[in-house]
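Heads up: the structure comes next, in C-alpha cells.
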Amino acid sequence: MTRRIIAVSSGMSEPSSTRLLADRLARESATALGGAELGGAENSSAETRTVELRGHAHAIADAMLTGFPSGALRGVVDDVAAADGLILVTPTFTASYSGLIKAFIDILDPDALQGKPVILGATGGTERHSLMIDHAMRPLMAYLRAMPVPTGVYAASTDWGAAGLDERIGRAAAELAAMVAGGPVQQPVRDGFADPVPFEELLNG
C-alpha cells in the first residue's frame with residue numbers, strides 16, 4: 001500500500017531554508033516508511049510531494065475572498081486532505097508562524113486535518129524562537145484536531161551543519177512513519193458545496 005506524504009513549505013525566499021527543512025523531513029519520512037525519494041517517485045510504500053505556498057500566494061488570497069480555491073491550488077488542497085501524513089514548515093515571523101501558512105490553513109475544510117499525523121517544523125534566524133512550534137503551531141493543530149508528532153523540528157541559522165538537527169529530523173520522521181503505518185482513522189471531509197442552502201432561504205433569514 002502506498003502512503004502519501006505531503007510537505008508544505010511557506011518559505012518566502014528562493015532558495016529557502018524552510019523549503020530545505022521540508023525536503024529533509026519529507027525524505028527522511030519516506031525512508032522511515034520504507035520509501036521513496038522526493039519528486040513524486042513512488043514505490044510500494046511511500047510517495048512524497050513538497051508544495052511551496054509561495055507560488056500559490058495570490059490564489060490563496062483569491063480563495064479567502066471567494067470562499068473556494070481554484071486552479072492548481074484546488075489540487076493542493078485536495079492532496080493535503082487526502083494525504084496519509086502531513087509536514088508543515090514555516091519561517092518564524094514576529095515569534096509566530098507566517099501569515100501565508102495560516103491563510104492556507106484557513107482555506108482548508110475545517111475537518112481536513114482531523115486525525116491526520118503531522119510533523120511541525122519551523123526555521124528562524126535565532127534559537128530564541130525555538131519554542132514557537134509549541135506555543136503557536138501546536139494550539140492551532142489542537143483546534144483542527146490534527147495529530148502532531150511529539151518531536152517538533154526547529155532549525156535556527158546556527159543549526160544547519162551542526163550536531164543535533166539531523167537527529168531531530170530523523171526522530172520526527174520515525175514518529176510520523178509510525179503514526180501513518182498505524183493507520184490513523186481518516187475522517188470524511190465535508191463538502192460545503194454539496195448541499196447548499198437555497199438563496200431564497202438565505203434572504204428570508
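The numbers here are math on the coordinates, done by the rules we state, and not lab data. As the structure is a prediction and not an experimental result, all values here were calculated from the model. Here the Cβ is made from the backbone with ideal geometry for all residues, glycine too, and neighbour counts use every protein chain on show.
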Using modelled amide H (1.01 Å from N, peptide plane; none on Pro or chain starts), what sits under 5 Å from the amide H of Ala7, excluding residues fewer than 5 places away? Arg49, Thr50, Val51, Ile87
FRET efficiency, Glu200 to Asp79 (Cβ-Cβ, R0 35 Å, nearest 0.05): 0.45
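May I ask what percent, to the nearest 5, of DSSP beta bridges between residues of the stretch 26-131 are antiparallel? Spell out each step's value before the answer.
Details: 2 of 8 bridges.
Within the stretch 26-131, antiparallel bridges account for around 25 percent of the total.
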Relative contact order as a percentage, the chain, C-alpha pairs under 8 Å and 6+ apart, gives 22
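Compute the FRET efficiency between Asp166 and Tyr143 as 1/(1 + (r/R0)^6), taking r as their Cβ-Cβ distance and R0 = 22 Å, and round to the nearest 0.05. Intermediate results must be reported in sequence, preceding the final value.
On the way: r = 31 Å, r/R0 = 1.42.
Between Asp166 and Tyr143 the formula returns 0.10.
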What ³J(HN,Hα) values, in whole Hz, does the Karplus curve 6.51 cos²θ - 1.76 cosθ + 1.60 give for the stretch 102-108 when θ = phi - 60°, with x put for Gly and Pro? 5, 5, 5, 5, 5, 8, 6
Label-point separation in nm, Ala72 to Lys102, each point 7 Å along Cα→Cβ: 2.6
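Antiparallel versus total DSSP beta bridges in the chain: what percent is that, nearest 5?
Working: 2 of 26 bridges.
Of the beta bridges lying entirely in the chain, close to 10 percent run antiparallel.
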Short to long, in 10 Å steps from zero, the percent of alpha-carbon pairs of the stretch 1-119 per bin is 14, 45, 34, 7, 0
Quick one: Karplus J couplings for the stretch 12-21, per residue in order, coefficients 6.51, -1.76, 1.60, θ = phi - 60°, nearest Hz, x for Gly and Pro? 9, 10, 9, x, 10, 5, 5, 5, 4, 5
Output the relative contact order of the stretch 102-183, whole-number percent, from Cα pairs under 8 angstrom with separation of 6+ residues. 35
Once label points are set 7 Å from the Cα along Cα→Cβ at both His135 and Thr158, what is their separation, rounded to one decimal in nm? 1.9
Amide hydrogen neighbours beyond the local backbone of Ala122, cut-off 5 Å, H modeled: Thr90, Val153, Tyr154, Ala155
Of Ser45, Phe68, Ser9, which is farthest along the charge dipole of the stretch 1-146 in the positive direction, counting Lys and Arg as +1 and Asp and Glu as -1 at C-beta? Ser9
Under the Karplus relation with 6.51, -1.76 and 1.60 and θ = phi - 60°, whole-Hz ³J(HN,Hα) for the stretch 71-88, x at Gly and Pro, equal x, 5, 5, 4, x, 5, 4, 5, 5, 5, 5, 8, 5, 7, x, 10, 10, 10
I need two numbers for the chain: Rg to one decimal and Dmax as a whole number, Cα atoms only, in Å. 17.3, 64
